[in-house]
Amino acid sequence: MRRRVDSTVEFVRRADRVAHYIAGAALIAMLALTVVDILGRWLFNSPVAGTVETIPLLLVIVVFFGFAHAQHMGDHIAVDLLFSRLGARSQHVLSIFSHIFSLAVLALVTWQLWQYAGVQDRGGYATAVIEWPVHWFVRIAALGSALLWVATLAETVAELFGSGAQDTERDASAVTGAGGGAGAEADR
């Protein structure tokens, strides 16, 4: 069973890593678009049409597609007032409870985002200048939220079954200095 849990968690991490790369590409696109817009405005007095409305849409991709990878890396903000003072068993129980609570909230957020995308679609809402349908970006947000839900579920199952998969990537990032790593775990 533990082997199956580990392989499932690893599959989810690979999928989340793909979303993370897409978020990185969107961030680079935001940077490039901003630079081209500024240079066009400054050198030719001709800015790129639609930049002001495209940047926030790309930001949706950056934020929502980065959530799941941040979950696996332990990079989400955590405030530790009580957790470090508890024993190992109490920490485990509190961690499971927080994961289950997060799953419930994320399911609600994902569902509401999908519902809102339908409202945007039925209303025919589009951006002002380039007329991109807004509902696609709300659906991207819903997909990113769903990926975070799956990542949280995978970590919850791994923790319930005592799998070593939940700490593998964090430990690797602690050695390389990337991600949340041991420092983020110690801060909890």
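Name the one entry in Ile55, Ile77, Ile28 that is modelled with pLDDT under 90 and within 25 Å of Val138 (Cβ to Cβ). Can you show your working first?
Details: Ile55 fails: modelled with pLDDT under 90; Ile28 fails: modelled with pLDDT under 90.
Just a single option satisfies the conditions, and that option is Ile77.
Determine if the range 110-125 includes at least one residue that is farther than 22 Å from Val9 by Cβ, free of Cβ contacts under 8 Å to residues at least 24 places away in the same chain and charged (D, E, K, R).
yes
So, of the residues in the range 82-138 that are of a type in the set (D, E, K, R), in a helix (DSSP H, G or I) and loosely packed, with under 12 Cβ neighbours inside 10 Å, which turns out to be modelled with the highest pLDDT?
Arg122
Among the residues of the range 5-20 satisfying the criterion of being free of Cβ contacts under 8 Å to residues at least 60 places away in the same chain and in contact with a helix residue (DSSP H, G or I) (Cβ under 8 Å, 6 or more places away or on another chain), which is surrounded by the most Cβ atoms within 10 Å (Cβ to Cβ)? Show your work before the answer.
Taking the range 5-20 and keeping what is free of Cβ contacts under 8 Å to residues at least 60 places away in the same chain, we get 7, 11, 14, 17-18, 20.
Then drop every residue that is not in contact with a helix residue (DSSP H, G or I) (Cβ under 8 Å, 6 or more places away or on another chain), which leaves 17, 20.
Working: Arg17: 14, His20: 20.
Looking at the filtered set, the residue picked out is His20.
Please work out which residue is nearest to the chain's Cα centre (by Cα), limiting yourself to the range 80-136 and to residues that are of a type in the set (D, E, K, R) and under 30 Å from Gly162 (Cα atoms).
So the first thing to find is which residues in the range 80-136 are of a type in the set (D, E, K, R), and the list is 80, 85, 89, 121-122, 131.
Narrowing the set further to residues that are under 30 Å from Gly162 (Cα atoms) leaves 80, 85, 89.
Working: Asp80: 22, Arg85: 29, Arg89: 29 Å.
Looking at the filtered set, the residue picked out is Asp80.
Limited to the range 103-116, what total is found for residues that are touching a helix residue (DSSP H, G or I) at 6+ places or on another chain (Cβ under 7 Å) and within 12 Å of Ala146 (Cβ to Cβ)? Walk me through how you get there before you give the answer.
Of all residues in the range 103-116, those touching a helix residue (DSSP H, G or I) at 6+ places or on another chain (Cβ under 7 Å) come to 103, 106-107, 109-110, 113-114, 116.
Among the residues that remain, those that are also within 12 Å of Ala146 (Cβ to Cβ) are: 103, 106-107, 109-110, 113-114.
Going through the range 103-116 one residue at a time, the tally reaches 7.
Which residue, of Trp114, Trp132, Trp136, Trp149, is under 26 Å from Thr34 (Cβ atoms) and out of contact with any strand residue (DSSP E or B) (no Cβ under 8 Å at 6 or more places or on another chain)? Please lay out each step first, then the result.
On the way: Trp114 fails: under 26 Å from Thr34 (Cβ atoms); Trp132 fails: out of contact with any strand residue (DSSP E or B) (no Cβ under 8 Å at 6 or more places or on another chain); Trp149 fails: under 26 Å from Thr34 (Cβ atoms).
Criteria check complete, one pass: Trp136.
Looking at the range 2-19, can you tell me whether even one residue there is out of contact with any Ser or Thr (no Cβ under 9 Å at 6 or more places or on another chain) and not in a helix (DSSP H, G or I)?
So far as the range 2-19 goes, no, none of its residues is out of contact with any Ser or Thr (no Cβ under 9 Å at 6 or more places or on another chain) and not in a helix (DSSP H, G or I).
Within the range 111-143, can you find the residues that are farther than 19 Å from Val63 by Cα and of a type in the set (D, E, K, R)?
Residues satisfying the conditions are Asp121, Arg122, Glu131.
Within the group Ala68, Ala26, which residue is within 18 Å of the chain's Cα centre (by Cα), without any contact (Cβ under 8 Å) to a residue 40 or more places away in the chain, closer than 23 Å to Leu147 by Cβ and assigned to a helix (DSSP H, G or I)? So that I can check it myself, show each step before the final result.
Numbers: Ala68 fails: without any contact (Cβ under 8 Å) to a residue 40 or more places away in the chain.
The unique qualifying residue is Ala26.
The values are calculated or read from the model by the stated rules, or taken from the named source; none is laboratory data. Being a predicted model, the structure only gives us computed values, none of them experimental. Note that we place each Cβ from the backbone using ideal geometry, even for glycine, and neighbour counts take in every protein chain shown.
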